[in-house]
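Encoded as structure tokens, the structure appears first; notes follow it.
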Amino acid sequence: MRASFRALAATACILAASVLGSMEAGAQQADAASSADDAGFRAFLASIRPRALAAGVRPSTFDSAVAGLTFNPRVIQLDRAQPGGNPNAPASAIPSFAPYKARHVDADRINRGRKRYQDLRPRLARIERETGVPESIMMAIYGHETGYGTYTGDFDLIRSLASLAYDGRRRELFTAELIATLQLLDRGIPRSRLKGSWAGATGYPQFLPSMYQRLGVDGDGDGRVDIWTSEADALASIGNYLVKAGWRPNVPWGVAVRVPPSLDRTALRPLTKSPRCPRVFDRHSRWLTMREWRALGVTVVGSPAPAEGELVTLLEPDGPNATAYLLSGNYRVILDYNCSNFYALSVGLLADEVAR
């Protein structure tokens, strides 16, 4: 028994030593990888300095912004975890929309949206008159992006964008956004304000820095464009974004419908393939007028509905035998803000509820 015990104890010691050795080796490998990342990260930042200066960024701004900056592996993990984050991943079954809708068009978000809607209507009405974008659509985007301003993200934009650019999967996009952020520093926006999501979106509307430069507008007339603390500026900027993306006044985004089991969906497949977000647009049918859909037996069960001559597409987010939607060109404009059918549907549905 004692001999067996000693043998077991010896085996345990060997296993423990092996585990400790593996842990030490893993730690050494992690340290080496971290050092390599830091060195490569610093070299990358040095390599884009001439481009930033050529774009008008002051040398002192660039140097002070990147001094002591470190690579943030967390933003890379978050980026890779996104749907579509791995371009080599196999196409998997798309989940049902119903659970997403239950979380994002819930009673709390609707009730808070209605309250904020009433509080902001004097400003929203003016923005709607100027842009043609419904007040409720602006509020719904505001609600989806930041919970009506309650959370805007606390990632340092410069560190996040620099890390994403260095990672290389979308280097050009994030390098350009990093430089745009440095330009904002030169415009007098303090770095303490330049915080947001891990992907570089900032402020109440969650604009990327270049988007803020192009589409941010002064909604309260104080001569500044402040999407971080001014709701009027943020909402006016959202309206301006949608106008520039092609929003058409007085056209509902879409409407809920019931589809007959006999509908030949194969004959209604889209005639062209979208170069942008193909997996999103592939789920849409080809365009028919509301009148033509009614002739095929599709029944409207929601409101407001697009006009009879309006071209719309069919989307069945939960498959046959569930609520479907006929979607106008303005739905595509919402997709321009965030290319996700679930997002765009939830914005439209929340807007309808907020306006009731």
>> Quick test of your reading of the structure: Gly221 fulfils all but one of (1) open to solvent by 70 Å² or more (accessible area, probe 1.4 Å); (2) in a loop (DSSP other than H, G, I, E, B). Name the failing condition by number.
In response: (1)
> From the list Asp154, Asp167, which one is surrounded by fewer than 18 Cβ atoms within 10 Å (Cβ to Cβ), in contact (Cβ under 8 Å) with a residue 12 or more places away in the chain and of a type in the set (D, E, K, R)?
Replying inline: Asp154
> Among the residues of region 327-350, is any touching a Gly at 6+ places or on another chain (Cβ under 8 Å), of a type outside the set (A, V, I, L, M, F, W, C), on the phi < 0 side of the Ramachandran plot and surrounded by fewer than 16 Cβ atoms within 10 Å (Cβ to Cβ)?
Replying inline: no
> Only one of Pro320, Pro304 is over 19 Å from Thr266 (Cα atoms) and at pLDDT below 95; which?
Replying inline: Pro304
> List the pairs whose first member sits in region 207-219 and is on the phi < 0 side of the Ramachandran plot, whose second member is open to solvent by 20 Å² or more (accessible area, probe 1.4 Å) and not in a helix (DSSP H, G or I), and whose Cβ atoms are under 6 Å apart, counting only residues at least 6 apart or on separate chains?
Replying inline: Gly216/Val225; Asp218/Val225
> Got a number for residues in region 229-277 being without any contact (Cβ under 8 Å) to a residue 60 or more places away in the chain and either among the aromatic types (Phe, Trp, Tyr) or open to solvent by 40 Å² or more (accessible area, probe 1.4 Å) (or both)?
Replying inline: 13
> Among the residues of region 192-208, is there at least one that is of a type in the set (Val, Ile, Thr), touching a strand residue (DSSP E or B) at 6+ places or on another chain (Cβ under 8 Å) and either open to solvent by less than 40 Å² (accessible area, probe 1.4 Å) or modelled with pLDDT under 95 (or both)?
Replying inline: yes
> Which of the residues belonging to region 278-305 are open to solvent by less than 40 Å² (accessible area, probe 1.4 Å) and under 20 Å from Cys339 (Cα atoms)?
Replying inline: Val280, Phe281, His284, Ser285
> Given the residues Pro306, Pro320, which is the only one that is more than 19 Å from Ser346 (Cα to Cα) and in a loop (DSSP other than H, G, I, E, B)?
Replying inline: Pro320
> Out of (1) surrounded by fewer than 18 Cβ atoms within 10 Å (Cβ to Cβ); (2) at pLDDT below 95; (3) not acidic (Asp, Glu), what's the single condition that is false for Arg187?
Replying inline: (2)
> Consider Thr313 against the criteria (1) over 25 Å from Ile238 (Cα atoms); (2) without any contact (Cβ under 8 Å) to a residue 60 or more places away in the chain; (3) open to solvent by less than 10 Å² (accessible area, probe 1.4 Å): it satisfies all of them except one. Which criterion is unmet?
Replying inline: (1)
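The values are calculated or read from the model by the stated rules, or taken from the named source; none is laboratory data. Remember, it's a predicted structure, so these values are computed and weren't measured experimentally. Every residue, glycine as well, gets a Cβ built from its backbone with ideal geometry; the counts of neighbours run over all protein chains shown. Areas reflect the complete protein model, heavy atoms only, side chains present, ligands, DNA and RNA absent. Shrake-Rupley method; radii C 1.70, N 1.55, O 1.52, S 1.80 Å.
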